[in-house]
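All remarks here apply to the structure that follows.
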């Protein structure tokens, strides 16, 4: 669907790893404990394929399939996108409880825990987009995070984007103590946003090569 | 010259002062340009004092905090931030009333920091503060009730003290707390001496009674709510003592050993004393020896083994790692 050259792919992975590295540092400071995060891979897929992928992957890991927790923020500027951090519902319970240091877990995230989840999403998404904006030397503005629970298709469609939108999907490895949690960040892009993003990547690479 | 004030400005002003949340606007140099009545009341800083003041001069303790970083994100990068109560508790010194202020009993807060575009001026930011104290209280109650319900499955069927599952959860929680706060965490492994011989000689019913009696007496010695005694295995008990260093833990272990002996439960095959006694292994996780849970349990186990080997009815200490 969207082909990235090896160079473009590596550049994006590097940028996102800088972003989540900063997010991990913020989160470590917040909980006075080391939080590690990395982005091992990225891919461009259609929104429909992304929903299917998330549905099957997350369902394979989760005990109760289908239900996904998402935190979304809308960004606009150099390119427009809905950024969504997603975990299977039980993993998001685990993540929030690890972060908050709470051991008495209820069936679902409470209101306060949902808000904590929103903050975690806010930190990660702002860091990812912020790093992109920084290397692109462009400005992006964001909305406040929103919390969602539902199927992957519902979560990816929260913005009302068309099913033929493209999704830039990041795998995020999150580690705290001896716990390892795998999540996803999806950037939903329409065709013109995708075009803008590719153009920014190429400009960045040209600048980086020129400096080398 | 007379200026005609736009009446909608007066309305906005009144609304802003009527809302039940804190609203503060900072200009690009982080000076307060808007401070609503809610802030005046709960921060106990009047508007005339706040307006024009540097934000960090008003709240010096917030320098380098997440609030500080969020303001930076809004002013410099145009990104909004959400600061949840669960992860940030109560960053602002805001109080329900003067009495609460004297006790430093802060309102629980949910904070949002959003960039605000202003015509003909560099970007400002809006800080909104919601008092979520009621919701926090409600969830605390919910959690406590859940804990009570769950504790029924966390109790040992025979002795009524915590079971192994409860121990596993508690050691995990206390280990995390010790690591985050840099406090020592001690673990005692307690084993009834010659218990098999006691069972063989006095029968299993007597054996059960012995376990119940020892468990009740020893767990009754714990005074702090975070201390926990659990039945670890057959005749083995574990005691979690948070915020307790090796010297204090050893002292406690000695008191426990003496208490068990003082129960004077007759034991025909109980060694020299003729009564039921216990051996205890002590291990402490400290900042200097910041080991993981398995290593801590391993050290307490080794100490217990040594106490058995060195004649029983005694306390041994093992430094983990």
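The values are calculated or read from the model by the stated rules, or taken from the named source; none is laboratory data. As the structure is a prediction and not an experimental result, all values here were calculated from the model. Cβ placement follows ideal geometry from the backbone for every residue including glycine, while neighbour counts extend to all protein chains displayed.
Identify all residues within region A:176-197 that are in contact with a helix residue (DSSP H, G or I) (Cβ under 9 Å, 6 or more places away or on another chain) and closer than 19 Å to residue A:125 by Cα; write none if there are none.
First, the residues of region A:176-197 that are in contact with a helix residue (DSSP H, G or I) (Cβ under 9 Å, 6 or more places away or on another chain): A:176-177, A:179, A:181-189, A:197.
If the condition is that a residue be in contact with a helix residue (DSSP H, G or I) (Cβ under 9 Å, 6 or more places away or on another chain) and closer than 19 Å to residue A:125 by Cα, then A:176, A:181, A:182, A:183, A:184, A:185, A:186, A:187, A:188, A:189, A:197 are the ones that fit.
Just so you know, in region A:61-79 the residues that are at pLDDT 90 or above and more than 14 Å from every other protein chain (Cβ to nearest Cβ) include one that is nearest to residue A:168 (Cα to Cα), and it is A:70.
Checking each residue of region B:80-100 against the condition of being over 19 Å from residue A:100 (Cα atoms) and within 13 Å of another protein chain (Cβ to nearest Cβ) gives at least one match. Looking for something under 30 Å from residue B:313 (Cα atoms), touching a residue at least 12 places away in the same chain (Cβ under 8 Å) and out of contact with any strand residue (DSSP E or B) (no Cβ under 7 Å at 6 or more places or on another chain) - is there at least one such residue anywhere in region B:140-160? Looking for residues that are under 30 Å from residue B:313 (Cα atoms), touching a residue at least 12 places away in the same chain (Cβ under 8 Å) and out of contact with any strand residue (DSSP E or B) (no Cβ under 7 Å at 6 or more places or on another chain), one finds at least one in region B:140-160, hence yes. When the residues of region A:15-43 are filtered to those that are within 21 Å of residue A:202 (Cβ to Cβ) and crowded, with 21+ Cβ neighbours inside 10 Å, the one that is farthest from the other protein chains (Cβ to nearest Cβ) is A:39.
When you check residue A:106 against the structure, is it surrounded by fewer than 16 Cβ atoms within 10 Å (Cβ to Cβ) and either under 16 Å from the mean Cα position of the chain (by Cα) or within 7 Å of another protein chain (Cβ to nearest Cβ) (or both), yes or no?
Values: surrounded by fewer than 16 Cβ atoms within 10 Å (Cβ to Cβ): yes; either under 16 Å from the mean Cα position of the chain (by Cα) or within 7 Å of another protein chain (Cβ to nearest Cβ) (or both): yes.
For residue A:106, the condition - surrounded by fewer than 16 Cβ atoms within 10 Å (Cβ to Cβ) and either under 16 Å from the mean Cα position of the chain (by Cα) or within 7 Å of another protein chain (Cβ to nearest Cβ) (or both) - is met.
Within the bounds of region A:165-179, is there any residue that is closer than 23 Å to residue A:20 by Cβ, without any contact (Cβ under 8 Å) to a residue 60 or more places away in the chain and either over 17 Å from the mean Cα position of the chain (by Cα) or buried (at least 16 other Cβ atoms within 10 Å of the Cβ) (or both)? Within region A:165-179 (the criterion being closer than 23 Å to residue A:20 by Cβ, without any contact (Cβ under 8 Å) to a residue 60 or more places away in the chain and either over 17 Å from the mean Cα position of the chain (by Cα) or buried (at least 16 other Cβ atoms within 10 Å of the Cβ) (or both)), the answer is yes, since at least one residue qualifies. The residues of region B:14-41 that are out of contact with any helix residue (DSSP H, G or I) (no Cβ under 9 Å at 6 or more places or on another chain), touching a residue at least 24 places away in the same chain (Cβ under 8 Å) and under 17 Å from residue B:92 (Cα atoms) amount to a single one, B:25.
Of the residues making up region B:168-217, those that are within 14 Å of another protein chain (Cβ to nearest Cβ), crowded, with 18+ Cβ neighbours inside 10 Å and touching a residue at least 12 places away in the same chain (Cβ under 8 Å) are B:170, B:171, B:174, B:175, B:178, B:179.
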